[in-house]
Structures are given as structure tokens and as C-alpha cells.
Amino acid sequence: MNVSEAISKRRSVRSYTSTPIEPEKLELILQAARLSPSARNQQIWKFVVVRKSDTKENLVHACDEHAFLAEADTVVCCCAVKSDLVLPNGEATHTMDLAVAASFMMLQATELGLGSCWIGAFNEAKLKKLLRIPEEIKVVCLISLGYPHFVPPASDRKPLSEIVTIENFAQPHQ
Ligand SMILES: Cc1cc2nc3c(=O)[nH]c(=O)nc-3n(C[C@H](O)[C@H](O)[C@H](O)COP(=O)(O)O)c2cc1C
């Protein structure tokens with residue numbers, strides 16, 4: 001599968017089989033995060049890999065009762081160990097860095113025949129307690145991973161004509 005295929009085939013998978021992810025596949029997914037770009041190449045990330053059933057069951061309660069987290073073979077909690085680098089436009093880079101890494105992981109998972117889902121709905125305090133994440137660390141997102149039980153159809157996207165302009169903000173894309 002090439003990158004274009006992975007981009008178009010990826011879905012948010014919220015239902016998983018009990019088939020375990022092979023260790024070499026999980027390694028490739030984590031390598032995808034490691035190889036992703038980050039602001040000033042600071043790599044201010046830490047990825048907490050959760051595979052134990054009882055921890056995943058507790059994750060459900062820290063994540064807005066997303067029951068499928070207990071079904072997923074693996075849940076990766078994507079954390080920023082530093083959050084003080086700010087771009088000239090005033091935006092902090094840590095969420096961007098982790099979002100890029102999470103995206104790379106999801107695309108790598110797709111190529112390997114695995115499903116994934118981004119989880120942004122979590123209670124950070126509960127999560128930190130459960131996973132023993134220090135107070136000063138920021139949790140950006142979680143990514144569930146596993147063999148899909150059900151792959152949803154593609155969800156709607158706006159057409160390029162609605163989201164792209166040419167040369168300036170006003171010039172429509174034909
Ligand atoms: C920043 C962000 C936060 C998200 N949070 C959640 C979430 O908490 N729970 C969930 O089930 N999906 C979550 N998603 C997945 C989106 O709902 C999903 O990507 C979107 O509906 C498009 O569907 P698709 O991924 O299948 O193309 C999140 C995605 C992003 C990028």
C-alpha cells in the first residue's frame with residue numbers, strides 16, 4: 001500500500017477483534033511516530049503504550065466511556081514532556097508535534113491492515129493518575145490500535161472547491 005492509499009483507506013475504527021497486534025507491527029507504528037517531524041526537531045514526546053486489559057478497561061472511564069478502548073489491542077497515550085515552545089504566531093508547538101506523530105502512526109497502522117482512532121475526549125487528571133503521568137506533562141491525545149471488527153464507510157469531506165483558494169484567500173479553486 002502506498003501513502004495515497006493509506007490516506008484514502010484510513011478510517012476511525014471504533015470496533016476491534018481480539019486478534020493481537022504482532023510485536024513487529026507495533027514497533028513499526030511506534031517508529032512512525034519517532035520518525036515524524038517536530039518543531040526544531042525537539043522531539044518533546046513520550047508515548048505510553050497500554051496493552052494490559054485492566055488498564056484499558058480503566059481507560060474507558062478516563063475517556064468519556066469510549067468502550068472500544070477496552071476492545072483495542074493497544075492504546076497509545078501521546079504526551080508532550082515540554083510545552084513552552086511557541087511559534088511567532090503565538091501557537092504552542094507541542095500539540096502540533098504530537099498531532100503529526102499521531103497521524104503518522106495512524107497511516108502506518110492502515111498500511112499494516114490495522115484500524116486506529118484518535119481520542120481527544122479524555123479527562124486528563126484521571127488519565128494521569130491511571131498511567132502515572134507526572135503533573136507537568138501534557139496529554140495531547142490517545143490512539144487506539146487493533147485489527148478492525150468493522151471498518152466504517154468513508155465519512156463526508158468538503159470538496160476542494162470549498163476548502164482551497166488560489167494565490168490569495170479570496171480566489172476560488174476551480
Ligand atoms: C482532534 C481530534 C479529536 C478526536 N476525538 C475523538 C474522540 O474523542 N472520540 C472519537 O471516537 N473520535 C475522535 N476523533 C475522530 C474523528 O471523529 C474522526 O476523525 C472524524 O469523524 C472523521 O472520520 P474518519 O476519521 O473516519 O475519517 C477525533 C479526531 C481528531 C482529529
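Readers should treat all values here as calculations from the given coordinates under stated rules, not as data from a laboratory. As the structure is a computational prediction, the values presented were derived from the model and not from experiment. Every residue, glycine among them, receives a Cβ derived from its backbone with ideal geometry; neighbour counts consider all protein chains shown.
Can you confirm whether Glu22 is free of Cβ contacts under 8 Å to residues at least 40 places away in the same chain and within 16 Å of the chain's Cα centre (by Cα)? When the stated conditions are applied, Glu22 does not pass them.
Here the condition is being under 18 Å from the mean Cα position of the chain (by Cα) and in contact (Cβ under 8 Å) with a residue 60 or more places away in the chain; of Leu130, Leu142, it holds for Leu142 alone.
The residue that is nearest to Thr95 (Cα to Cα), among those in region 30-70 that are within 16 Å of the ligand (Cβ to nearest atom) and not hydrophobic (A, V, I, L, M, F, W, C), is Ser36. Candidates in region 149-174 are the residues that are among the β-branched types (Val, Ile, Thr) and more than 15 Å from the ligand (Cβ to nearest atom); of these, the one that is farthest from Phe68 (Cα to Cα) is Ile166. The numbered conditions (1) closer than 17 Å to Tyr16 by Cβ; (2) in contact (Cβ under 8 Å) with a residue 24 or more places away in the chain are all true for Ala70 except (2). May I ask you to list the residues in region 1-27 that are buried (at least 16 other Cβ atoms within 10 Å of the Cβ), out of contact with any Asp or Glu (no Cβ under 7 Å at 6 or more places or on another chain) and of a type in the set (A, V, I, L, M, F, W, C)? Matches in region 1-27: Val13, Leu26.
Which one is farthest from the ligand (Cβ to nearest atom) among residues in region 100-121 that are more than 18 Å from Tyr147 (Cα to Cα) and surrounded by fewer than 20 Cβ atoms within 10 Å (Cβ to Cβ)? Only one residue fits best here, namely Val100. For region 71-91, the set of residues classified as surrounded by fewer than 16 Cβ atoms within 10 Å (Cβ to Cβ) and within 16 Å of the ligand (Cβ to nearest atom) consists of Glu91 only.
Residues in region 1-58 that are among the hydrophobic types (A, V, I, L, M, F, W, C) and assigned to a strand (DSSP E or B): Trp45, Phe47, Val48, Val49, Val50.
Condition (residue is within 12 Å of the ligand (Cβ to nearest atom) and either under 25 Å from Lys25 (Cα atoms) or of a type in the set (A, V, I, L, M, F, W, C) (or both)) applied to region 122-136: is it met by at least one residue? So far as region 122-136 goes, yes, one or more of its residues are within 12 Å of the ligand (Cβ to nearest atom) and either under 25 Å from Lys25 (Cα atoms) or of a type in the set (A, V, I, L, M, F, W, C) (or both). Just one of (1) within 21 Å of Val3 (Cα to Cα); (2) in contact with a helix residue (DSSP H, G or I) (Cβ under 9 Å, 6 or more places away or on another chain) fails for Leu131. It is (1).
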